[in-house]
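Below is one structure; the comments refer to it alone.
The values are calculated or read from the model by the stated rules, or taken from the named source; none is laboratory data. Keep in mind that what you see is a predicted model, and the values were worked out from it rather than measured. Here the Cβ positions follow ideal geometry from the backbone for every residue, glycine too, while neighbour counts run over all protein chains shown. In case anyone asks, the SASA skips ligands and DNA or RNA and just uses the protein heavy atoms, side chains included. Shrake-Rupley method; radii C 1.70, N 1.55, O 1.52, S 1.80 Å.
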There are 2 protein chains.
Amino acid sequence: MNFKEELDVKTRNVEKIIYSYLPKEEGFAKNLAEAMNYSMKAGGKRLRPLFMQETFHLFGGEGKVIEPFMAAMEMIHTHSLVHDDLPALDNDEYRRGKKTTHAVFGQAQAILCGDALLNYAYETAFLAFSMCEDPVRVGRALQILGEKAGIYGMLGGQALDVQNDGNPLTAEQLDYIYANKTSALIEGAMMTGAALAGASEEEIFLIESVGYRVGLAFQIQDDILDVTSTREELGKPVFSDVKNRKTTYVTLRGVEEAQKEVRRLSEEALETLGELESTNLFLNGLIRFLITRKK
Amino acid sequence: MNFKEELDVKTRNVEKIIYSYLPKEEGFAKNLAEAMNYSMKAGGKRLRPLFMQETFHLFGGEGKVIEPFMAAMEMIHTHSLVHDDLPALDNDEYRRGKKTTHAVFGQAQAILCGDALLNYAYETAFLAFSMCEDPVRVGRALQILGEKAGIYGMLGGQALDVQNDGNPLTAEQLDYIYANKTSALIEGAMMTGAALAGASEEEIFLIESVGYRVGLAFQIQDDILDVTSTREELGKPVFSDVKNRKTTYVTLRGVEEAQKEVRRLSEEALETLGELESTNLFLNGLIRFLITRKK
């Protein structure tokens with residue numbers, strides 16, 4: 001198997017794990033469960049749970065304790081997409097070629113669906129208590145998950161992004177938004193993977209810096225593709241950032257500088273991983289793949 | 001001190017505890033923290049954290065481990081109010097005489113504020129791991145909190161309520177909505193209080209049935225006050241359920257039947273509490289007070 005084939009197999013496996021933790025569509029809350037499952041099954045790269053699983057393996061993690069956390073992480077990510085697409089925020093009718101949750105279920109149910117996904121993420125992660133002999137490890141992973149998803153992580157970045165909507169951003173504001181809106185959940189994914197495998201605080205801290213760089217490189221690559229790709233290749237309209245007068249790394253520093261930065265961040269991430277005793281070749285391959293991707 | 005004075009002192013104390021866990025209004029997420037704190041400081045009876053604290057004491061609980069959970073419970077409750085008031089749901093500009101969160105901060109920030117409060121509830125509850133020698137107890141309390149707030153608790157009730165907006169409800173649907181939208185968090189409050197104090201599973205189960213009855217009685221009393229109170233006494237418009245063609249216990253069964261049901265539920269709750277070895281006289285007084293309240 002080449003890397004791309006291995007990635008496809010692993011992604012399908014991650015998806016199978018996530019789907020096994022979704023709520024049943026039955027009883028009085030059937031409609032809400034349907035909205036949650038519709039959002040969760042609407043596709044996506046499943047990068048965050050994949051990074052979590054691979055980091056878990058990097059630190060020698062074994063068993064199923066990682067699985068509820070993988071599902072929880074994807075639920076948190078999906079909750080943010082469902083609310084981000086709402087008319088009061090980005091007002092998107094389509095995502096990845098499919099109708100967004102509020103377009104199908106209405107705004108009120110989409111708001112509650114996002115809430116229920118965020119809450120269900122924690123309900124799901126709590127299942128790990130009965131799958132692990134060490135509740136302290138689960139507790140540490142929960143603390144990481146909570147921090148990276150909230151006001152000092154993703155939601156903090158979201159809030160500043162929304163607040164400045166339409167106005168140009170300073171480089172400092174853009175850094176904050178990228179570090180939180182995008183990097184925080186990737187940091188959290190890798191850190192919980194490490195924590196659940198029993199990594200030391202020093203190792204978790206090191207992995208945080210890897211996740212930070214991977215997340216940033218991923219976001220800047222997104223900005224680059226918006227101006228260098230075609231609609232056919234990307235699967236969505238190009239030059240959308242320019243049209244929406246959105247401040248991005250590319251609008252602030254230009255494409256060439258952005259490409260250099262992506263390379264620099266990825267190399268640093270790989271170098272930092274190289275400081276560890278163990279190696280996960282697939283994880284390294286994944287980081288390299290993300291910076292050469294065309295969509 | 002009479003009961004009312006004791007209640008006031010305890011409520012102020014609960015509020016002090018909750019406020020000590022709110023996020024700081026600083027940095028790039030200042031605006032989001034302001035919206036969260038505005039919502040949390042907009043008043044309320046603080047019943048859920050009060051029930052939690054009193055149940056904790058009923059089971060001999062000691063120390064500060066209960067405090068982050070009290071704050072977490074009020075954050076979850078407030079998150080639901082912030083989203084419930086949104087234009088896509090109840091569209092309320094005022095709550096308890098104050099402008100609602102979206103009326104002050106805009107819809108987009110109000111959506112993110114509700115999300116951040118829900119997430120911060122868990123971040124806050126996770127602090128209990130470092131305040132308790134027994135992580136298993138904290139884990140059990142977290143599982144209860146998650147279940148009672150989510151699709152199999154409050155949010156499930158919310159979703160059915162919103163879905164049926166404007167249409168008459170069957171008695172079965174109304175029971176489901178009351179049991180989940182209102183009772184679930186009161187059950188959760190009392191159950192986490194019990195769990196953190198080290199109560200047995202049997203005792204937690206018994207307390208769940210008490211919380212269920214207290215929540216139901218509280219909600220039906222609300223329905224009764226809507227048709228028997230005055231605007232001055234209640235502090236909000238009366239006969240609103242009839243005007244909004246809302247199905248309530250009173251519209252389904254009449255005021256007299258409703259009053260009988262409130263008395264029956266409260267007596268059952270007190271009888272069940274009487275089965276326990278220990279007694280908390282204030283908790284008993286609180287249950288009696290809620291059914292005789294005028295607002």
request  = Would you work out the charge dipole size for the stretch A:25-98 about its Cα centre, treating the Cβ of every Lys and Arg as +1 and the Cβ of every Asp and Glu as -1, and quote it to the nearest 20 debye?
outcome  = 200 debye
inquiry  = Show me, for the stretch B:29-34, the HN-Hα J-couplings you get by feeding each phi into the Karplus relation (A = 6.51, B = -1.76, C = 1.60, θ = phi - 60°), rounded to Hz, glycine and proline as x.
reply    = 9, 3, 4, 5, 5, 4
ask   = Rg and Dmax of the stretch A:235-295, Cα atoms, in Å?
value = 15.0, 47
Alpha carbon convex hull of the stretch A:182-295, projected area averaged over orientations, nm² = 7.4 nm²
ask   = Tell me, what % of the accessible area of the protein assembly as shown is carbon and sulfur with a 1.4 angstrom probe?
value = 48 percent
key: Simple Cβ-charge dipole of chain A, Lys/Arg +1 and Asp/Glu -1, about Cα centre, in debye nearest 20   = 980 debye
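Compute the normalised compactness of the stretch A:1-52: alpha-carbon radius of gyration over 2.2 N^0.38 Å, N being the residue count.
Dividing the Cα Rg of the stretch A:1-52 by 2.2 N^0.38 Å gives 1.38.
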task = Using just the helices of chain B, give the 222 nm mean residue ellipticity in deg cm²/dmol: DSSP H runs with n ≥ 4 each add -39,500 (n - 2.57), and the total is spread over all residues, rounded to 500.
result = -21500 deg cm²/dmol
message = For a quick check: with amide H placed at 1.01 Å from N, whose amide H comes under 5 Å from B:Gly150's, ignoring anything fewer than 5 positions away on the same chain?
response = B:Leu155
query = Roughly how crowded by other chains is peptide B:79-88, in terms of the mean Cβ count from those chains within 10 Å of each of its Cβ atoms?
reply = 3
message = What whole-number distance in Å separates the alpha-carbon centres of the stretch B:78-120 and the stretch A:119-174?
response = 20 Å
Spacing of the two label points (7 Å from each Cα toward its C-beta) at A:Tyr94 and B:Glu201, in nm = 5.1 nm
key: Accessible area (Å², per residue) of the stretch A:1-113, counting only protein heavy atoms and a probe of 1.4 Å   = 40 Å²
key: Average partner coverage of A:139-152, which counts Cβ from other chains inside 10 Å   = 6
ask   = Which whole-angstrom value gives the distance between the alpha carbon centres of the stretch A:244-295 and the stretch B:206-239?
value = 57 Å
ask   = How big, on average over all directions, is the shadow cast by the Cα convex hull of the stretch A:93-137, in nm²?
value = 4.4 nm²
ask   = When the Cα atoms of the stretch A:64-134 are enclosed in a convex hull and the volume is divided per residue, what value in Å³ results?
value = 82 Å³
inquiry  = Over the Cα atoms, compute the radius of gyration (one decimal) and Dmax (the largest Cα-Cα distance, rounded to a whole number) for the stretch A:97-173, in Å.
reply    = 17.0, 50
remark   = For the protein assembly as shown, the dipole about the Cα centre with charges only on Cβ (Lys and Arg +1, Asp and Glu -1), to the nearest 20 debye, works out at 1360 debye
key: Charge dipole of chain B about the Cα centre (unit charges at C-beta), most positive-ward option of B:Met52, B:Gly97, B:Met190   = B:Gly97
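Taking the square root of 5 times each eigenvalue of the Cα gyration tensor, what semi-axes in Å does the equivalent ellipsoid of chain B have, largest first?
Its equivalent ellipsoid spans semi-axes of 27, 26, 18 Å.
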inquiry  = As an exercise, take the mean of 1/r over every pair of distinct alpha carbons in the stretch A:45-89, invert it, and state the Kirkwood radius in angstroms.
reply    = 11.6 Å
ask   = For q = 0.09, 0.12, 0.13 Å⁻¹, what log10 I(q)/I(0) does the stretch B:119-255 give under the Debye formula with an equal point scatterer on each alpha carbon and no solvent?
value = -0.35, -0.58, -0.66
remark   = Computed from every Cα-Cα pair in the stretch B:185-245, P(r) in 10 Å bins starting at 0 and rounded to whole percents is 22, 32, 21, 19, 6
Net charge, A:Gln158 excluded, C-beta distance under 10 Å - Lys, Arg +1, Asp, Glu -1 = -2
task = Note the per residue figure in Å³ for the convex hull of the C-alpha positions in the stretch A:141-184.
result = 49 Å³
remark   = Taking every alpha carbon pair in the stretch B:1-150 and sorting the distances into 5 angstrom bins from 0 up to the bin holding the longest one, the percent per bin comes out as 2, 9, 18, 21, 19, 15, 10, 5, 2, 0
query = How big is the A/B interface in buried accessible area, both sides summed, 1.4 Å probe, to the nearest 100 Å²?
reply = 4100 Å²
remark   = extent check for the protein assembly as shown: Cα max minus min per principal axis, descending, whole Å, gives 74, 48, 43
task = Select from A:Leu273, A:Gln219, A:Ala199 the residue farthest towards the positive end of the dipole of the stretch A:153-295; place +1 on Cβ of Lys and Arg, -1 on Cβ of Asp and Glu, and compute about the Cα centre.
result = A:Gln219
ask   = Along the stretch B:288-295, what does the Karplus equation 6.51 cos²θ - 1.76 cosθ + 1.60 (θ = phi - 60°) give for ³J(HN,Hα), rounded to whole Hz, x for Gly and Pro?
value = 5, 4, 4, 8, 9, 5, 9, 8
task = Give a quick list of trypsin sites (Lys or Arg not before Pro) in the stretch B:6-48 that DSSP marks as loop, anything other than H, G, I, E or B, with at most 12 other Cβ atoms within 10 Å.
result = B:Lys24
remark   = Amide H neighbours of B:Thr247 at under 5 Å, excluding residues fewer than 5 places away on the same chain, with H built from the backbone geometry, are B:Leu169
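Jot down the per residue volume, in cubic angstrom and as a whole number, of the convex hull over the alpha-carbon atoms of the stretch A:149-217.
Dividing the Cα hull volume of the stretch A:149-217 by its residue count gives 75 Å³.
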Rg ratio (alpha-carbon, reference 2.2 N^0.38 Å) - the stretch B:26-111 = 1.26
ask   = Between chain A and chain B, with a rotation axis joining them, whose C-beta in A is nearest that axis, and what is the whole-Å distance?
value = A:Pro135, 2
query = Which far-off residues, 5 or more places away or on another chain, put their amide H under 5 Å from the one on B:Arg95, with H placed in the peptide plane?
reply = B:Thr100
